[in-house]
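A short worksheet on the structure shown next.
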Amino acid sequence: SRSIANVTFRTGDTDLDAAFVAGAAEHQIQNVKGHRLVGGMRASVYNAVTMEDVQALASYMKDFEAQHSLSPRSN
(Lines give C-alpha, C1' and ligand atoms only; values in the text may rest on other atoms or scores of the structure.)
Protein backbone atom coordinates (compact mmCIF):
# COMPACT_ATOMS: atom_id res chain seq x y z
CA SER A 1 0.00 0.00 0.00
CA ARG A 2 1.04 3.61 -0.50
CA SER A 3 2.15 5.91 2.27
CA ILE A 4 -0.37 8.56 3.26
CA ALA A 5 2.60 10.90 3.68
CA ASN A 6 3.02 10.99 -0.13
CA VAL A 7 0.40 13.18 -1.77
CA THR A 8 0.14 12.49 -5.50
CA PHE A 9 -1.44 14.84 -8.02
CA ARG A 10 -1.56 15.74 -11.73
CA THR A 11 -2.61 18.67 -13.87
CA GLY A 12 -4.13 16.39 -16.49
CA ASP A 13 -1.56 17.48 -19.09
CA THR A 14 1.98 16.08 -19.23
CA ASP A 15 3.41 19.38 -20.49
CA LEU A 16 1.81 21.25 -17.59
CA ASP A 17 3.09 18.61 -15.19
CA ALA A 18 6.62 19.24 -16.51
CA ALA A 19 6.10 23.01 -16.20
CA PHE A 20 4.91 22.56 -12.61
CA VAL A 21 8.00 20.53 -11.70
CA ALA A 22 10.33 23.05 -13.37
CA GLY A 23 8.61 25.98 -11.67
CA ALA A 24 8.72 24.24 -8.32
CA ALA A 25 12.49 23.87 -8.65
CA GLU A 26 12.74 27.61 -9.38
CA HIS A 27 10.92 28.17 -6.06
CA GLN A 28 13.37 25.85 -4.23
CA ILE A 29 10.70 23.16 -3.97
CA GLN A 30 12.54 19.95 -4.70
CA ASN A 31 11.66 16.37 -5.58
CA VAL A 32 8.04 16.84 -6.67
CA LYS A 33 8.40 14.88 -9.88
CA GLY A 34 6.32 11.72 -9.62
CA HIS A 35 7.48 8.16 -10.06
CA ARG A 36 9.13 7.52 -13.42
CA LEU A 37 6.57 4.87 -14.35
CA VAL A 38 3.49 6.66 -13.02
CA GLY A 39 4.21 10.31 -13.79
CA GLY A 40 2.45 13.28 -12.27
CA MET A 41 3.78 14.88 -9.14
CA ARG A 42 4.29 13.80 -5.55
CA ALA A 43 4.70 15.82 -2.38
CA SER A 44 6.18 13.96 0.56
CA VAL A 45 4.98 15.42 3.84
CA TYR A 46 6.86 13.41 6.42
CA ASN A 47 7.60 14.67 9.93
CA ALA A 48 10.80 16.42 8.82
CA VAL A 49 8.85 18.69 6.46
CA THR A 50 8.12 21.99 8.17
CA MET A 51 4.84 23.86 8.11
CA GLU A 52 6.64 26.59 6.17
CA ASP A 53 7.62 24.03 3.52
CA VAL A 54 4.01 22.90 3.18
CA GLN A 55 2.78 26.50 3.01
CA ALA A 56 5.36 27.31 0.31
CA LEU A 57 4.18 24.35 -1.77
CA ALA A 58 0.51 25.26 -1.30
CA SER A 59 1.21 28.86 -2.27
CA TYR A 60 3.11 27.78 -5.39
CA MET A 61 0.30 25.38 -6.33
CA LYS A 62 -2.30 28.17 -6.05
CA ASP A 63 -0.15 30.55 -8.11
CA PHE A 64 0.45 27.89 -10.77
CA GLU A 65 -3.26 27.11 -10.88
CA ALA A 66 -4.12 30.79 -11.41
CA GLN A 67 -1.40 31.35 -14.02
CA HIS A 68 -2.57 28.39 -16.08
CA SER A 69 -6.32 28.92 -15.63
CA LEU A 70 -6.73 25.57 -13.91
CA SER A 71 -9.59 24.85 -11.58
CA PRO A 72 -9.45 22.58 -8.54
CA ARG A 73 -10.90 19.16 -9.14
CA SER A 74 -12.22 16.73 -6.60
CA ASN A 75 -12.28 12.98 -7.15
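The values are calculated or read from the model by the stated rules, or taken from the named source; none is laboratory data. Since the model is a prediction, treat every value here as computed from it, not as a measurement. Quick reminder, even Gly has a Cβ in these numbers, built from the backbone with ideal geometry, and neighbours come from all protein chains shown.
General observations
Matching residues to (1) among the acidic types (Asp, Glu); (2) over 11 Å from the mean Cα position of the chain (by Cα):
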| residue | (1), (2) |
| --- | --- |
| 28 | no, yes |
| 36 | no, yes |
| 42 | no, no |
| 53 | yes, yes |
| 62 | no, no |
| 66 | no, yes |
| 69 | no, yes |
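- Cross-chain or 6+ apart pairs with Cβ under 6 Å, the stretch 22-37 first and within 14 Å of residue 54 (Cβ to Cβ), then of a type in the set (Lys, Arg): none
- Where residue 64 falls short, out of the listed (1) assigned to a helix (DSSP H, G or I); (2) out of contact with any Leu (no Cβ under 8 Å at 6 or more places or on another chain); (3) in contact (Cβ under 8 Å) with a residue 24 or more places away in the chain: (2)
- Screening the stretch 10-21 for residues that are outside any helix (DSSP H, G or I) and exposed (fewer than 15 other Cβ atoms within 10 Å of the Cβ) and picking the one that is modelled with the lowest pLDDT gives 12.
- Matching residues in the stretch 35-60 - criterion: being in a helix (DSSP H, G or I) and either among the hydrophobic types (A, V, I, L, M, F, W, C) or in contact with a Phe, Trp or Tyr (Cβ under 7 Å, 6 or more places away or on another chain) (or both): 51, 54, 56, 57, 58
- For the stretch 22-34, a residue qualifies if it is in a loop (DSSP other than H, G, I, E, B) and surrounded by 11 or more Cβ atoms within 10 Å (Cβ to Cβ), and the qualifying residues are 27, 29, 31, 32, 34.
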